[in-house]
1. Along each of the three principal axes of the Cα atoms of the range 38-119, give the extent in whole Å, ordering the values from largest to smallest.
2. Pop the C-beta distance of R163 and C252 into the FRET formula with R0 = 30 Å and round what comes out to the nearest 0.05.
3. May I ask you to derive the relative contact order of the range 258-431, considering only C-alpha pairs under 8 Å and at least 6 residues apart, and to give it as an integer percent?
4. Whose amide H sits under 5 Å from the amide H of D142, counting only residues 5 or more places off or on another chain, with H placed in the peptide plane?
5. Arranged from highest to lowest average of other beta-carbon atoms within 10 Å per residue, in what order do the peptides 155-167, 404-416 appear?
6. Just rank K24, K54, fewest to most, by other beta-carbon atoms within 10 angstrom.
7. For L333, enumerate residues with amide H under 5 Å from its amide H, sequence gap 5+ or separate chain, H modeled in the peptide plane.
8. With just the Cα atoms defining each centre, how far is the range 61-103 from the range 108-134? Give it in Å.
Amino acid sequence: IEQDEGTITPPSKRTTPSRLVRFKRSHAELGVQICGGNLCGIFVETLDDDSPAKGPDGLSPGDLILEYNGVSMLNKTKEDAYLEMLKPVETITFKVQNCADSLADIRETHGDGFFVRALYERVAEAEQELSFKKDDILYVEDTLPNGNFGFWMAWQLDENAQRLLKGQIPSKYMMDQEFYRRHGMTDGKEDGGAGKTLSAAARRSFFRRRLKHKRSGSKDGKDPLDSISMDALPLTEDGLSLMYQRVQRVDCLSPRPVLILGPLVETVKDMLVKETPAKFCRCLPEIMKASQQAIERGVKDCVFIDFKRRSGHFDVTTVASIKEITEKDSHCLLDIAPHAIERLHSVHIYPVVLFIRYKNAKQIKEQKDPLYLREKLSQKHSKEQFELSQKIEQDYSRFFTGVIQGGSISYMCTQITTMVEQEQSKVLWIPDGAP
């Protein structure tokens, strides 16, 4: 996908000094039309004749807006900038740099550009709208298409990040507003931060009317959000709904580590290592004689990923030992608890997490292999493994890359090898730190 991940610096930005423009808002409309976006900056495109920002000491077309009332406009999308500039304040201060020679180029390009993971499914109701499934990756190229507030123009991407289809999707702001409307403004959260966020969003809801707010051909004027079940949307910790997750692309140059969870894991890992030694290698723990406090400090400092207490020592999985295996062009088979997955993410290690799912304990008990599982598991052991796997699925399924259907050891190893190869060849998307 063609996207400049950084900010495009207009040529004149380096030479033109910045200036402050101050004025009082005389009426609701600022009369300032903007272009650009998070990739290239927010620019003044045109000024209405009656704009309070017009004048010899005012704004000019081609001004790059650096700050608006002390808020940085760097990396803001066009929609973010509009929302900021529509806040009801009396005195307005712009910090700008004139980049008039760049304006023609900025007008011709999509100034916005970022990737999101859709966290809900949508079926298009009009020709220009885009359908997508939950977990699809979308590339948003315009957050204010033709001044059409409340919608984004986006591309649906395939597994290789190639563009498939383009169309309009409801913007995050529009989806948030609908969530607040349907759930009401009194959720017993007025005392907490979420309540303040909701009420602030409610106060801003009237800004829509000042922009060209078109439903863009929704049939019979029907609200395009009516088909979405708001109850099915994920919630953040503060109780707010999350419709899109900003993501960034990661190119995995070395083999990704593999974490297999579920019943018969040790047997499966034995077979993978012995049958395909060039592909898979166990991450053997380092034996450390240290205080628990020292080990926990190593975990906190992200030097250690996980540890197990043994008699007289600790078995420790270190970041260095994982990287040592991946640098040898092998998939590192991890031996860590699922709660340590986030610790791996914090050090930019993104494992393929595969979960072995058996239908019941009886199916586990039936498994036998002449080399790797000579004795069948007891009924008690099978039941314990099945119950533990159910708990793992319940608590950690959000981390699963894929599910392996429980069966014979060789059948599961074939599935794992195939799935790991597929995942290694795919583009990896991880949550982006940007808001």
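1. 45, 31, 20
2. After rounding, the FRET efficiency stands at 0.90.
3. Relative contact order here is 28 percent.
4. Here the answer is M153, since their amide H atoms fall under 5 Å of that of D142.
5. In descending order of packing, they fall as 404-416, 155-167.
6. The most exposed by this proxy come first: K24, K54.
7. V258, C281, R282, C283
8. First find each Cα centre; the distance between them is then 26 Å.
None of the figures in this text is laboratory data; all of them are computed from the coordinates on show. Bear in mind that the values here come from a model prediction, so they are computed numbers and not experimental data. No Cβ is skipped: glycine too gets one built from the backbone with ideal geometry, and neighbour counts run over all protein chains shown.
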